[in-house]
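Colleague: Questions regarding the structure given below will be posed in turn.
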Amino acid sequence: MVTLSTNQPWFYNDICEEMRLFLDLTNIIPVESEPPMSDGDIHMSINLYERGGLYEAHAVCSYMNGSQRLTGDCIHTAAARTEGEIIVKRHKKRCTKIAAFRAMEKLFPQRIPWGSLTGIRPTRLWRELLETMSCNEAAHIMLDEFDVTPEKLKVAADITRVQQKAFAAQTPNDIDIYIGIPYCKSKCLYCSFASCVRTPKTDIGAYLDALKKDILYGSRTIAENGFIVRAMYVGGGTPTVLTNDELDDLITYALECYGGFGTEFTVEAGRPDTIDTQKLLTLRRLGVGRISINPQTMNDDTLALIGRSHTADDIARAYFDARAVGFESINADVIAGLPGESDSHMQRTMEAIAALKPDNLTVHTLALKRSSALMEHLTEYKLPEAAEVERMVETGACAAAEMGMRPYYMYRQKYMRGNLENIGYSLPGRECIYNIDMMEETTSIMAHGAGAMSKRIFDAERRVERIPNPKDIATYINKLDATATEKNKLFSQERGCI
């Protein structure tokens, strides 16, 4: 049993995430004080005080190993902050999390590449630090306060430098448009997205009608409030699971409503078994300049195991077809840590992808999602150890460098193997603006479709307000008008602080 007591109950989930860096998906029970403990039990007690202009977080972690009680403790101090409720809460939380991390580290020492960083984008934190201090001072905080390794700090710093051009081109009125198609041809083993399998009998007419209505409402809100479309992104699910006529009709309608797609238009064509020449020609005719064709792996046995209804040869065919019709920017996604794979599998995947010469490459680390089939049957699959996954991620990074790519965006998810990250690489000048905007939360997003998340960025306050569309398709359709009203209210707020 693992238990947690704290005088900061509003930080309970954040503390739990620090503990799970060392304990994986362990269930953590909130308690008032330390309960009687038996062999294998763990208890974390953490309390935050404000004294003499300092925050003091006192963390004590106890572990019963047989009849022996082992203890790790930490007192972490930080200067108290007074400049606004949001900033004060953020710094109290950081102080509490660091103390919890270091107490756990004493009991369960292991390599945690991103240190105590959970629930925050490392690149955004790095940018925020550089706004108020020198590079050396910022590096000191990342390395010595948050316990990030030098290798990971370099990745974050390199990405931030590449992103500067995209940030410089932004205007206060910019907004990105997202359109979601929550349907796929089959369900992947590791997937937790709210997507449905489309069969020949699936009728998605009602969904597409509702989506067009959603787009109409959103486009009116954007026009009435003076926003300017910066980029458009059609994601999923798998958008190309739509027929050619459905794709043509939906995208044509969206472009008419919004008056264009801005400076960049991406469509995820992730599954090669949903792509044909007719659809590719339609996308090009409508102005789509960037697509994703996502292998995940180029090993056929793994593709079958994870539920992908295509082969590595199908992926290569889709790439050649996309080049033949004129796509100049193609992204490939791969996943490090898939069941049954090792670094040798990753090397074969990267060799095969290098032969396709994509313009972008995203190296994901497998994340164990609670609602995925993989999590439901976890004991049935052999997953590579954390150290092996780290080698696989490094293999992806080296392959990207050999292809002339550089990292340009990064994000992390809960329960990733090895506490690693997902990194997008790109040839210079082929970076995806939408990915940067979305991951770094620098641009507001008007999002359409079931499960899509609209965001309003209030940058001067470092505040993000979100309105999610319902994930369930029937609920999404039924609540469409009410959700549109909420979004209109959010995007009609004064922009003086943006």
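The values are calculated or read from the model by the stated rules, or taken from the named source; none is laboratory data. Everything numeric here is computed off the predicted structure, so don't read it as measured data. Backbone-built Cβ (ideal geometry, glycine too); neighbour counts: all protein chains shown. The protein model used for the area step is the full one, side chains on, heavy atoms only, and it has no ligands, DNA or RNA in it. Shrake-Rupley method; radii C 1.70, N 1.55, O 1.52, S 1.80 Å.
Colleague: Give the shape of segment 46-152 as rounded, prolate or oblate, defined through the alpha-carbon gyration tensor: a ≥ b ≥ c are the square roots of its eigenvalues, a/c under 1.5 means rounded, and otherwise the shape is prolate if a/b is larger than b/c and oblate if not.
Modeller: oblate
Colleague: Among (i) 0.97; (ii) 0.99; (iii) 1.02, find the value of Rg/Rh (Cα atoms, Kirkwood Rh) that was calculated from the structure presented, and write down its label.
Modeller: Computed from these coordinates, Rg/Rh (Cα atoms, Kirkwood Rh) corresponds to label (i).
Colleague: Heavy atoms only, probe 1.4 Å: what % of the accessible area of the chain goes to carbon and sulfur, would you let me know?
Modeller: Carbon with sulfur: 51 percent of the solvent-accessible area.
Colleague: Right, another one. Roughly speaking, what is the centre-to-centre gap between segment 272-350 and segment 40-97 when only Cα atoms are used, to the nearest Å?
Modeller: Computed from Cα coordinates, the inter-centre distance equals 46 Å.
Colleague: Give me, ordered by chain and number, the residues 5 or more places off residue 184 or on other chains with an amide H under 5 Å from its own placed amide H.
Modeller: 196, 197, 198, 238
Colleague: Could you pull out every one of the aspartates and glutamates with an alpha carbon less than 12 Å from that of residue 185, ignoring same-chain neighbours closer than 8 positions?
Modeller: Leaving aside aspartates and glutamates fewer than 8 places away in the same chain, those within reach of residue 185 are 273.
Colleague: If the limit is 18 Å between Cα atoms, which of 213/479; 212/489; 165/455 go over it?
Modeller: 212/489; 165/455
Colleague: Please compute the per residue accessible area over the chain with all protein chains in place, 1.4 Å probe, rounded to a whole number of Å².
Modeller: For the chain, the per-residue accessible area is 43 Å².
Colleague: Still on this structure: Antiparallel DSSP bridges in segment 323-423: what percent, to the nearest 5?
Modeller: Looking only at bridges with both residues in segment 323-423, the antiparallel portion is about 40 percent.
Colleague: Per-residue counts of other Cβ atoms within 10 Å, averaged by peptide: what ranking do you get for 309-320, 5-16, 72-83, 433-444, highest first?
Modeller: Result, highest mean Cβ count within 10 Å first: 433-444, 309-320, 5-16, 72-83.
Colleague: Loop-only check: which trypsin sites (Lys or Arg not before Pro) in segment 175-265 are DSSP coil with at most 13 other Cβ within 10 angstrom?
Modeller: 201
Colleague: If a/c stays under 1.5 just call it rounded; otherwise compare a/b with b/c (prolate if a/b is bigger, oblate if not). Do that for segment 220-308, with a ≥ b ≥ c from the square roots of the Cα gyration tensor eigenvalues.
Modeller: Here segment 220-308 falls in the prolate category.
Colleague: What does the C-alpha gyration tensor say about the overall shape of segment 400-458? Classify as rounded when a/c is under 1.5, otherwise prolate if a/b is larger than b/c, or oblate.
Modeller: oblate
Colleague: If the cut-off is 25 Å between C-alpha atoms, which lysines fall inside it for residue 97, apart from same-chain ones fewer than 8 positions away?
Modeller: 89, 106, 152, 154, 369, 414
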